[in-house]
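What follows is a single structure, written as structure tokens, with notes after it.
The values are calculated or read from the model by the stated rules, or taken from the named source; none is laboratory data. These numbers come from a predicted model, not from an experiment. Here the Cβ positions follow ideal geometry from the backbone for every residue, glycine too, while neighbour counts run over all protein chains shown.
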């Protein structure tokens, strides 16, 4: 995504961003194929572009987002797309616009956000009316490094972790759940046997991935974990459970005593600006930050955590951010929010830049963030964390650019005219 930004009294600058079009995550409607859900993301992008360009007027970066947000949600609902899909288009446009704004001003993301150059306000979050957002942003202290939280997928062999831990200094882990209590407990025991002996001082999170039908079923998992002595150490090192219940039911019933057993956060249920307050009412204590859901929503949810106080928190999850603009911008956002560790799984499921012509440019521009060992430029994960000082460059966290002239235009969505706003 590219955006040409014209800043009054300053001039023009191009901004850019990138994000993977992940199938069957934004929209898990079983009647839609993976390709159809990706097509929904294309529709979201096209619709958002039209919504942002509908008014030819001056406004702040956030002001443009706020003005287009309602029309975007309405248009996507009319097309049968879920609100999470609707958020995808604005999420990319906002990152590209912010990049262009920061480049026009000649400042970096951390400095620019501290001064609130985006014009963030509470018009979409009335519960924050009266909260000092300028003071909040000015008081954020970006972290110098973000620890990598390694994803352990359902198909990953727990014993493979031993070899990985011999090569990389990892201490944070995100473990996927399958929804069957007995199977999940046995798998967690196998993983715990490795972590308890090979990852001193580790911390872990569980990703329910919407696999548990309700709070009672998840309570059964927690009870089984608490009863099993083989999981005693693991249980002490467990930080939170992410989105265990399907989004359609997650916010429909109070969590009750379950909320006292382990902190629970929403991810797929975070489909609008009112989602976190609604989740809080039924017992959730946290919400995830993902650039693909919107950087402004992440910032405002972090402000809510500051306004509400403990035990509310924001985590950093990943939707396979690939090497380049996507992972750099999201890591910068995580650092600004003050989140010490983030799921960074793009390097696990993608081979870095995989021979892309701009790979060497990014390697030279961001030392320590990437490595060229092995012949492929990819994230430098061996130390277990990513440095963020290298992201403090004019623009949104990147001193290198994709080879824009070699990229293919976005494919036109199927039957898009039928769904045009």
Scope the stretch 80-123; condition within 17 Å of the chain's Cα centre (by Cα) and over 22 Å from residue 12 (Cα atoms); matching residues: 83, 84, 85, 86, 87, 88, 89
Residues that are within 30 Å of residue 414 (Cα to Cα): list the helices (runs of 4 or more DSSP H) wholly contained in the stretch 48-144 that include at least 3 such residues. 61-78, 83-105
Among 213, 244, 254, 263, which is the only one that is within 22 Å of residue 291 (Cα to Cα) and either buried (at least 19 other Cβ atoms within 10 Å of the Cβ) or in the same structural domain as residue 318 (by TED's automatic domain parsing) (or both)? 244
The stretch 271-293, subset in contact (Cβ under 8 Å) with a residue 40 or more places away in the chain and over 19 Å from residue 344 (Cβ atoms), residue surrounded by the fewest Cβ atoms within 10 Å (Cβ to Cβ): 277
Taking the criterion of being crowded, with 18+ Cβ neighbours inside 10 Å, in the same structural domain as residue 91 (by TED's automatic domain parsing), over 25 Å from the mean Cα position of the chain (by Cα) and within 28 Å of residue 397 (Cβ to Cβ), would at least one residue in the stretch 16-39 satisfy it? no
Top-ranked residue of the stretch 40-63 - restricted to ones that are within 18 Å of the chain's Cα centre (by Cα) and without any contact (Cβ under 8 Å) to a residue 60 or more places away in the chain, ranked as nearest to residue 324 (Cα to Cα): 41
Would you confirm, using the coordinates I've provided, whether residue 115 is within 18 Å of residue 274 (Cβ to Cβ), surrounded by fewer than 16 Cβ atoms within 10 Å (Cβ to Cβ), without any contact (Cβ under 8 Å) to a residue 40 or more places away in the chain and not assigned by TED's automatic domain parsing to the domain that holds residue 52? no
Give the residue, chosen from 302, 280, that is more than 24 Å from residue 108 (Cα to Cα) and outside any loop (DSSP other than H, G, I, E, B). 280
Quick one: is residue 409 free of Cβ contacts under 8 Å to residues at least 12 places away in the same chain and part of a loop (DSSP other than H, G, I, E, B)? yes
Filter result (in a loop (DSSP other than H, G, I, E, B) and either modelled with pLDDT of 95 or more or in contact with a helix residue (DSSP H, G or I) (Cβ under 9 Å, 6 or more places away or on another chain) (or both)) within the stretch 231-258: 243, 244, 251, 253, 254, 255, 256, 257
If you take the residues in the stretch 259-277 that are in a helix (DSSP H, G or I) and out of contact with any strand residue (DSSP E or B) (no Cβ under 7 Å at 6 or more places or on another chain), which one is nearest to residue 130 (Cα to Cα)? 277
What's the number of the condition residue 399 fails, among (1) part of a loop (DSSP other than H, G, I, E, B); (2) loosely packed, with under 14 Cβ neighbours inside 10 Å; (3) free of Cβ contacts under 8 Å to residues at least 40 places away in the same chain? (2)
